[in-house]
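Comments concern the structure below.
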Amino acid sequence: MSRRLLATLVVVAVAVALGALVAGAAGRPRAAATVPETNPCFTDKSLLCPDLTMGKPSSMFASRTPGGRVLLHATSNIKSRGLGPIEVHGRRIAKRKMRVTQRIYRRGGSHLDVRTKGRLHFWFIPGQGRYWKFADAAAFELWSLNPDGTRRKVVRRGEKTRYCLRDLVRTAPSRRSPRKAVYPGCNQDPSEKFVTLGTSVGWSDIYPSTYYEQYIDVTRLRGCFSYVLFADPKDHIFESNEENNLAQRVVRLPFGSRKKCR
């Protein structure tokens, strides 16, 4: 075999290998190294940005722990609205942590991949194992009230902040909402280097009040309070509207009292 032919074969082999590498990485976001200071949804009108909203706390009930703590449980409903889906791509940076890039689709079929401050954690759920979940996807807060019924200040916070982001229930059917689920439940593979989570337009990620950590500790509290659920409380997901992520229900404690709040 001549040297020229050998060199040609080497070049072809390298090209094929690179092509396979690129093909294997297709779909993986290649975002900028830093988080943008300005929400691209506010500046780029071609983007089909998502919009997160939260359903009101529901199916509420109180329980008591063996140690005497009183927990007020609630169902959470993280709703995906807006023009496009919520889609985040995790890339492993530690044993149980991934950094996050958000993919925002455009009119015409292309997309923008943008780095966010979000993280995925490989989080343990007793009796179920570990799941890759989006950190700070939601927050549970109990607020005291002013005399006029407006929220005054946070008095308690719940422990539940990590969620899958998935297509569980199609809660707002429309022409933009896929009829079948696109984004599955949580990934439980500890060896994954890349994980995609998301919620389609018109779908919700719902966790029942009986699920792990779906509560706020209300031990020794009395009076009227606002039970608040926030979607994306730290703004780690770029949305078309950042002002509609809160839902609340006014409750009297101890829970179940016949006396009602105004």
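Tallying residues that are under 21 Å from N77 (Cα atoms), out of contact with any Asp or Glu (no Cβ under 8 Å at 6 or more places or on another chain) and exposed (fewer than 14 other Cβ atoms within 10 Å of the Cβ) within segment 170-184 yields 4. Here is the figure for segment 151-168: residues that are buried (at least 20 other Cβ atoms within 10 Å of the Cβ) and out of contact with any His (no Cβ under 8 Å at 6 or more places or on another chain) total 8. With respect to S204, is the statement that it is small (G, A, S), surrounded by fewer than 21 Cβ atoms within 10 Å (Cβ to Cβ) and within 30 Å of K45 (Cβ to Cβ) true? No.
For every residue, the table says whether it meets (1) among the hydrophobic types (A, V, I, L, M, F, W, C); (2) under 20 Å from the mean Cα position of the chain (by Cα).
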{"site": "G158", "(1), (2)": "no, yes"}
{"site": "L165", "(1), (2)": "yes, yes"}
{"site": "N187", "(1), (2)": "no, yes"}
{"site": "R220", "(1), (2)": "no, no"}
{"site": "P233", "(1), (2)": "no, yes"}
{"site": "V250", "(1), (2)": "yes, no"}
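Residues in segment 127-185 that are touching a Lys or Arg at 6+ places or on another chain (Cβ under 6 Å), among the hydrophobic types (A, V, I, L, M, F, W, C) and under 20 Å from K117 (Cβ atoms): 2 in all. One residue stands out in segment 225-262 among those that are aliphatic (A, V, I, L, M) and within 30 Å of G84 (Cβ to Cβ): the one that is surrounded by the fewest Cβ atoms within 10 Å (Cβ to Cβ), namely L246.
Would you check if W143 is modelled with pLDDT of 95 or more, among the aromatic types (F, W, Y), out of contact with any helix residue (DSSP H, G or I) (no Cβ under 7 Å at 6 or more places or on another chain) and farther than 23 Å from Q102 by Cβ? Criteria met by W143. Of the candidates L83, L145, the single residue that is under 26 Å from V218 (Cβ atoms) and touching a residue at least 12 places away in the same chain (Cβ under 8 Å) is L145.
With respect to (1) under 20 Å from the mean Cα position of the chain (by Cα); (2) buried (at least 20 other Cβ atoms within 10 Å of the Cβ), the lone exception for I125 is condition (2).
The values are calculated or read from the model by the stated rules, or taken from the named source; none is laboratory data. Nothing here was measured: the structure is a model prediction, and the numbers come from that model. So basically every Cβ, Gly included, is an ideal-geometry build from the backbone, and we count neighbours across all protein chains shown.
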